[in-house]
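Okay, structure first, notes after.
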Amino acid sequence: MRNTILVLSLWLLMSLALALDNRFVYPLGVVEDSQAYSIEVEAGTVLVRNEYQMWVYSTFNAWQPKLEGSFSSLHPIEDVNLQGSDYIYVSSHEPTNSITEIDSLNTYAKIFFVKTIIGDKMTREGSTLYVADRFRGIDIFDVGRGGGKDLIASFSEKWGIRDFTAEYPNLYALNDFGVVTVDISQQDFPLSIATNYQIADATHLVKSGEYLFVSAGKQLQVISVRNIDEPTLVAQIRLANEVQGMAIKDQRLFMALGKGGVKIFDISVPNRLLDINTFYPPHAAFDIDLENSYIYVAMGREGWMIYEYR
């Protein structure tokens, strides 16, 4: 009996040791001169926004991000997408919506080119921009280096798209009832090839390898798409707070959990996720993005924050 207890104790200690994060989170600074309910990072450029305004920063010096410009929108901004450090795509429901630059009196600021597109959600892979609209389905554009947009094809998805991602040769869309997998190997002829309707009220989707990570309120679900014709639920976790945003890098899943801070999971074994770290920004975490060794956390009216993770 004593030997059994000893073995179990050693096993528990080993499990806890494996669950510990071998990296540390270092706060670098808070940026308070904007409202960040959404955050997106691309090539050292950070774009944060609320419903009607967006702010663009450069992070050449991560300790002191520089405000490069700010833009206001006449109608609600549904989503944004950064391409490189020069072009910003903004989706809106209003075809005549115009995005106006706010005079920052900074004559040395960078020049950004803003393009408006009708839709609800956007995702991009290389020079291909995918725009989801709840009434028209998904439009596929070739945006090249950002100088314009050429419509390649439209895919009619009968239910509203809540989130989606593209990873050639497939696109994975989260609609009102679950996950839809679309074959985009021929971009001018997209084809729906699989569905998984085990998910209710899901809002966020990210992909790593052969697995989708889907959040629905306080639930996190892991879906295997190894067999593309039959997506399969392989894991499910109940969290203490609702998921506000997710990002993946280096086999780690980062989750913004509002007042629950930011939680980090080791996802190297997707059907056995390890909770390895939780840290708490000074305010609620509304969204999260990653680039290089940095974590960017949106904190709503309180601005946003950069952490180094190494």
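Please treat every number below as a calculation from the coordinates, not as lab data. Just so it is clear, the structure is predicted and the values come from calculations on it, not from any experiment.
Once C-alpha pairs closer than 8 Å and six or more residues apart are averaged by separation and normalised to the residue number of the chain, the relative contact order reads 15 percent. Counting only alpha carbon atoms, the long axis of helix 2-19 and the longest principal axis of the chain meet at about 10°. Calculate for the chain the 222 nm mean residue ellipticity that helices alone would give, adding -39,500 (n - 2.57) per DSSP H run of length 4 or more and normalising by residue count, nearest 500 deg cm²/dmol. Theoretical 222 nm ellipticity from helices: -2000 deg cm²/dmol. Of all beta bridges that DSSP places with both ends in the chain, some 95 percent have antiparallel geometry. Between PHE71, PHE60, PHE141, the residue with the greatest mean-square fluctuation in the GNM of the chain (Cα pairs under 10 Å linked by springs) is PHE60.
Mean-square fluctuation check for the chain, GNM, Cα pairs under 10 Å: which of TYR294, TYR211, TYR26 is largest? Residue with maximal mean-square fluctuation among TYR294, TYR211, TYR26: TYR26. Taking a straight line from the alpha carbon of LYS149, these aspartates and glutamates sit under 13 Å away, with near neighbours fewer than eight places off in the same chain left out: ASP139. Amide H to amide H, with H built 1.01 Å from N, ASN277 comes under 5 Å of ILE264, counting only residues 5 or more places away or on other chains.
Considering only PRO65, PRO169, PRO231, the Gaussian network model of the chain with Cα springs below 10 Å gives its largest mean-square fluctuation to PRO169.
For LYS218, the lysines whose Cα comes closer than 25 Å to its Cα, not counting residues fewer than 8 places off in the same chain, are LYS121, LYS207, LYS249, LYS259, LYS263. Taking a straight line from the alpha carbon of LYS110, these aspartates and glutamates sit under 16 Å away, with near neighbours fewer than eight places off in the same chain left out: GLU42, GLU68, ASP86, GLU101. For the chain, the convex hull spanned by the alpha carbon atoms encloses 136 Å³ per residue. Volume per residue for the range 22-131 equals 124 cubic angstrom (convex hull of Cα atoms).
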